[in-house]
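The structure appears right after this line, and notes come after that.
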Amino acid sequence: MAALALMVAACGSSPAKSANTSPIKIGISLSLSGDRAADGKALQQGYQLWADHVNAQGGLLGRKVELDIVSDASSPSQVVTNYQKLISVDNCQLVFGPFSTALTKAASQVVARYGYAFVEGAGSGPSVFQQGLHNVFSVSLPAVNELQSFAKWIGSMPASSRPATAAYATEDDPFTAPQLDVARKILEADGVKTVYNKTYPIETADYGPIAAGIIGSHADIVLAGTTLIDISAFIQQFAQQNYNPRALIGSAGPDQGSQFIQAVGLNHTEGVMVPNSWYPGANFPGNKAMVAAFLKKYGGSAADISSDVPQGYSVGEVIKQAVDATHSVNNAKIIKYLHSVSLLQTVQGPVRFDSTGQNVAAEALIFQWQKGQLLPFKLDSSNHLVAVPPATSKIEYPKPNW
Amino acid sequence: MRAVIDGVLTGAVYALMGAGLTLVFGVMNIINIAQGILVVLAAYMTYVLNRYLHIDLFVGLVFTIPMMFLVGVAIERLFIRRLQSQGNRTGLSILVTYAVAIILEGLLTIVFSADYLHLHAWYVDRSIPILGFYLPYIYLMGFGLAVAMLAVLYVILYRTRLGMGIRASVQSRLGAELVGIDINRTSTLAFGIGTAVTAAGGMIFGATSVFNPNSGYDLISILLVIIVLGGLGSIGGALIAGVVMLVIEDVTAVLWSPIWSSTMFFAVLVVVLIAHPTGLFGKPEARAQ
């Protein structure tokens, strides 16, 4: 009888729970080849820096994180296949976003199908958030807000110095095109006449005709929805043709640090502007440590750091805060938490998600290259661009001649 | 007018990049999909010479042309020669050269990473004012280089025994073998020469565009169209076709929209091929083999 009682007791009692110490696999599809390879590599650096940092601190929930990275060759169809594989074959517990709005949009649908949280930093175009998905969270500045500060600054100028005409040229891309649309509407409302407005295919190889069109319009200012390839082609053509707009801003490309300098030459960076929400000297929590870790791991200088790096790093930070808060890697709980949390902190600044998953706490800064440094400026209450403290530089307007 | 000038100058550069492709196809029935990455490889070679040895871009051709010749010889010996006995040689060449392109792209990525580069020199960003237009030095020099290189190629093909052998191989491989021409040696030299010419195209490409190991893909589709339009195996045809296509593309972009440039580009190709299936200057006997 006693033996029987012992047997029943043994069966009834729960076995001692062994702590799960296996690594947490995080699946990521990145553009390691193709048109977006340079950005994909920078985003990978950001993700890896975060993984190194969090593992040094014991990982997530005491478990090391392991990044399972596959290349999508900058292809929207391959990125879909990749996330299906990462989730259903590789059994990754979490996934991070790819590079670019186009790929994020394509991937988000398949990730939503599996009920995964899709935190991303490099897909902030509005089309990502118009799909009605509940699982997408962008830690970066929404794309449509990127050029608003610039447009408002131009509009705030007295009529005597305000540019009279503007030229717009953008890739047919869901990240760049919406930015220019918003900026153009603001500028047109302030009386800046549009004298050139063209959209060109992403696969364009010869930017000469587009540059020629901008030059021929004699626009006072140029707003370009670009990446590094096209903005550097435009700058080369503008310099060759002695065309000196009073202001030149590219949606992306001039934020690529040393790559931008290498592409256009240091003397052609002067005065070129780009919108962003991060810079190496920003006083956001953890930013200085991230910059130091980047320099230790990859070398170079702080100015070499692409803005894609903190985007990747911030994705990891948001996930960590969500995992810590929910004490799990359950994606449903993470999604619910991210929709309810009031504020998160990242190296890019504060993050708060609206109902569509866009970060409404990010501040749009305008950066300008001055003497080899990319300096941050922000709008004051009068819509003037002033240096972000502790810097005291003045915005260069008009842009110096090439 | 500006668009026409740009198209002429740019078209000549593309013709230079495509000259090797048309030569190789004309002689060997090989479609060299790796031509785009070979252009990029040449740009990287020029970059290394310029950055680390401070050799001017044009002076660097003294080194890059022979180096690219050797690259071409190596590719022909290692990969292309083995297709000789295969039935569907042309079709297989697409796969094999695509594999070569991927290998080269991978190697370049390992050595140089995916970071974008650009060749710099004092004349890259400067221009000369002529008749109200600013003509960039680099495009003028590139145009001159293209004409010079293509002229040299013409002399080789039409004024040397090697050239006679190459042209004989184009007309009839069997016939050329029967009269004692070493087809293997001819093919190797043709591939090497075709790749060597790419050195010049790569240098101009690197001076006019940012590039990274992935830049070859955008090039190859344009180059294939140019050589098909010009007539497979016709060097002069490649020049004419390059100029015509780029002028059409640029004028369309300026007068209409950049979105329609590619459409016009390919529409012209279709119209020409319907009227003249061998291209503008292609010879039917070259394809009779």
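The values are calculated or read from the model by the stated rules, or taken from the named source; none is laboratory data. Here the structure is a predicted model, which is why all the values come from computation and not from measurement. Every residue, glycine among them, receives a Cβ derived from its backbone with ideal geometry; neighbour counts consider all protein chains shown.
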Practice problem: Please state which one of B:F211, B:F281, B:F205, B:F265 is over 25 Å from B:L119 (Cβ atoms) and within 13 Å of chain A (Cβ to nearest Cβ). | Solution: B:F265
Exercise. Count, please, the residues in the stretch A:117-165 that happen to be among the aliphatic types (A, V, I, L, M) and over 21 Å from A:L94 (Cβ atoms).
Key: 9
Quiz prompt | In the stretch A:168-214, the residues that are among the aliphatic types (A, V, I, L, M), under 21 Å from B:L246 (Cα atoms) and buried (at least 23 other Cβ atoms within 10 Å of the Cβ) | solution = A:A169, A:I210, A:A211, A:I214
Practice problem: Among the numbered conditions (1) away from every other protein chain (no Cβ under 12 Å); (2) surrounded by fewer than 24 Cβ atoms within 10 Å (Cβ to Cβ); (3) part of a helix (DSSP H, G or I); (4) among the small types (G, A, S), tell me where B:S221 comes up short. | Solution: (1)
Quiz item: Quick one: which of A:A42, A:A107 is in a helix (DSSP H, G or I) and modelled with pLDDT of 95 or more?
Solution: A:A107
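So which of B:L21, B:L16, B:L70, B:L92 is in contact (Cβ under 8 Å) with a residue 40 or more places away in the chain and surrounded by fewer than 23 Cβ atoms within 10 Å (Cβ to Cβ)? Please lay out each step first, then the result.
Values: B:L21 fails: surrounded by fewer than 23 Cβ atoms within 10 Å (Cβ to Cβ); B:L16 fails: surrounded by fewer than 23 Cβ atoms within 10 Å (Cβ to Cβ); B:L92 fails: in contact (Cβ under 8 Å) with a residue 40 or more places away in the chain.
Answer to the selection: B:L70.
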Quiz item: Do we find a residue being within 30 Å of B:S127 (Cβ to Cβ) and among the charged types (D, E, K, R) anywhere in the stretch A:369-380?
Solution: yes
Quiz prompt | The lone exception for A:Q78 - which of (1) under 22 Å from the mean Cα position of the chain (by Cα); (2) surrounded by fewer than 24 Cβ atoms within 10 Å (Cβ to Cβ); (3) of a type outside the set (A, V, I, L, M, F, W, C); (4) part of a loop (DSSP other than H, G, I, E, B) it fails | solution = (4)
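Specify which of the listed residues (B:I128, B:I110, B:I138) is within 14 Å of another protein chain (Cβ to nearest Cβ), loosely packed, with under 14 Cβ neighbours inside 10 Å, in a helix (DSSP H, G or I) and not hydroxyl-bearing (S, T, Y). Steps first, answer last, please.
Working: B:I128 fails: in a helix (DSSP H, G or I); B:I138 fails: loosely packed, with under 14 Cβ neighbours inside 10 Å.
Exactly one of B:I128, B:I110, B:I138 is within 14 Å of another protein chain (Cβ to nearest Cβ), loosely packed, with under 14 Cβ neighbours inside 10 Å, in a helix (DSSP H, G or I) and not hydroxyl-bearing (S, T, Y), namely B:I110.
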Practice problem: State the number of residues belonging to the stretch A:389-402 that are at pLDDT 90 or above and either surrounded by fewer than 16 Cβ atoms within 10 Å (Cβ to Cβ) or in the same structural domain as A:T104 (by TED's automatic domain parsing) (or both). | Solution: 5
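Would you be able to tell me the number of residues in the stretch A:232-249 that are within 13 Å of chain B (Cβ to nearest Cβ), touching a residue at least 24 places away in the same chain (Cβ under 8 Å) and farther than 21 Å from B:W256 by Cβ? Before the answer, list the steps.
In the first step, residues of the stretch A:232-249 are kept if they are within 13 Å of chain B (Cβ to nearest Cβ); the result is A:232-244.
Add one more test, that the residue is touching a residue at least 24 places away in the same chain (Cβ under 8 Å), and what stays is A:232-239, A:241-244.
Among the residues that remain, those that are also farther than 21 Å from B:W256 by Cβ are: A:232, A:235-236, A:238-239, A:241-244.
Result for the stretch A:232-249: 9.
Tell me, please, whether a residue that is at pLDDT 90 or above, more than 10 Å from chain B (Cβ to nearest Cβ) and in a helix (DSSP H, G or I) can be found in the stretch A:193-203. Show your work before the answer.
To start, the set of residues in the stretch A:193-203 that are at pLDDT 90 or above comprises A:193-200.
Within this subset, residues satisfying the condition of being more than 10 Å from chain B (Cβ to nearest Cβ) are A:193-197.
From the residues that got through so far, the ones that are in a helix (DSSP H, G or I) too are none.
No - not one qualifying residue is present in the stretch A:193-203.
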Quiz item: Among (1) more than 14 Å from chain A (Cβ to nearest Cβ); (2) modelled with pLDDT of 85 or more, where does B:Y158 come up short?
Solution: (2)
Quiz item: Does the stretch A:253-263 contain any residue that is part of a helix (DSSP H, G or I), within 14 Å of chain B (Cβ to nearest Cβ), surrounded by 24 or more Cβ atoms within 10 Å (Cβ to Cβ) and of a type in the set (F, W, Y)?
Solution: yes
Practice problem: Could you please let me know if B:L38 is more than 19 Å from B:Y123 (Cα to Cα) and surrounded by 21 or more Cβ atoms within 10 Å (Cβ to Cβ)? | Solution: yes
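Please verify whether B:F58 is aromatic (F, W, Y) and part of a helix (DSSP H, G or I), treating the condition exactly as stated. Quick ask: steps written out before the conclusion?
On the way: aromatic (F, W, Y): yes; part of a helix (DSSP H, G or I): no.
Spelling it out, it is not the case that B:F58 is aromatic (F, W, Y) and part of a helix (DSSP H, G or I).
What is the residue count in the stretch A:265-285 for residues that are hydrophobic (A, V, I, L, M, F, W, C) and either under 15 Å from the mean Cα position of the chain (by Cα) or at positive phi (or both)?
In the first step, residues of the stretch A:265-285 are kept if they are hydrophobic (A, V, I, L, M, F, W, C); the result is A:266, A:272-274, A:278, A:282, A:284.
Remaining after also requiring either under 15 Å from the mean Cα position of the chain (by Cα) or at positive phi (or both): A:274, A:278.
Selection size over the stretch A:265-285: 2.
Please find, within the stretch B:91-107, the residue that is nearest to B:G206 (Cα to Cα) out of those that are within 12 Å of another protein chain (Cβ to nearest Cβ) and hydrophobic (A, V, I, L, M, F, W, C).
To start, the set of residues in the stretch B:91-107 that are within 12 Å of another protein chain (Cβ to nearest Cβ) comprises B:101-102, B:105-106.
Narrowing the set further to residues that are hydrophobic (A, V, I, L, M, F, W, C) leaves B:101-102.
Numbers: B:A101: 18, B:I102: 20 Å.
Selected residue: B:A101.
For every residue, the table says whether it meets (1) over 30 Å from A:T204 (Cβ atoms); (2) surrounded by 24 or more Cβ atoms within 10 Å (Cβ to Cβ); (3) not polar (S, T, N, Q).
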position	(1), (2), (3)
A:L43	no, yes, yes
A:W50	yes, yes, yes
A:A56	yes, no, yes
A:D68	yes, no, yes
A:Q109	no, no, no
Self-check item: Hits in the stretch A:213-231 - residues which are within 13 Å of chain B (Cβ to nearest Cβ), among the hydrophobic types (A, V, I, L, M, F, W, C), within 19 Å of B:A3 (Cβ to Cβ) and in contact with a strand residue (DSSP E or B) (Cβ under 7 Å, 6 or more places away or on another chain)
Solution: A:I214
Quiz item: Residues of the stretch B:154-186 being in contact (Cβ under 8 Å) with a residue 12 or more places away in the chain, among the small types (G, A, S) and part of a helix (DSSP H, G or I), which ones?
Solution: B:G165, B:A168, B:S169
Quiz item: Out of all the residues in the stretch A:49-90, which are among the charged types (D, E, K, R) and in contact with a Lys or Arg (Cβ under 7 Å, 6 or more places away or on another chain)?
Solution: A:E66, A:D68, A:D90
Quiz item: Any idea which residue in the stretch A:215-226 is surrounded by the most Cβ atoms within 10 Å (Cβ to Cβ), counting only those that are in a loop (DSSP other than H, G, I, E, B) and more than 19 Å from the chain's Cα centre (by Cα)?
Solution: A:A219
Quiz item: Within the stretch A:289-309, how many residues turn out to be out of contact with any strand residue (DSSP E or B) (no Cβ under 8 Å at 6 or more places or on another chain) and closer than 12 Å to A:Q256 by Cα?
Solution: 6
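Looking at A:A167, A:A143, which one is within 25 Å of B:E249 (Cβ to Cβ), in contact with a Pro (Cβ under 8 Å, 6 or more places away or on another chain) and among the hydrophobic types (A, V, I, L, M, F, W, C)? Can you show your working first?
Numbers: A:A143 fails: within 25 Å of B:E249 (Cβ to Cβ).
Answer to the check: A:A167.
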Quiz item: Among the residues of the stretch B:234-252, is there at least one that is under 20 Å from B:Q35 (Cα atoms) and not in a helix (DSSP H, G or I)?
Solution: yes
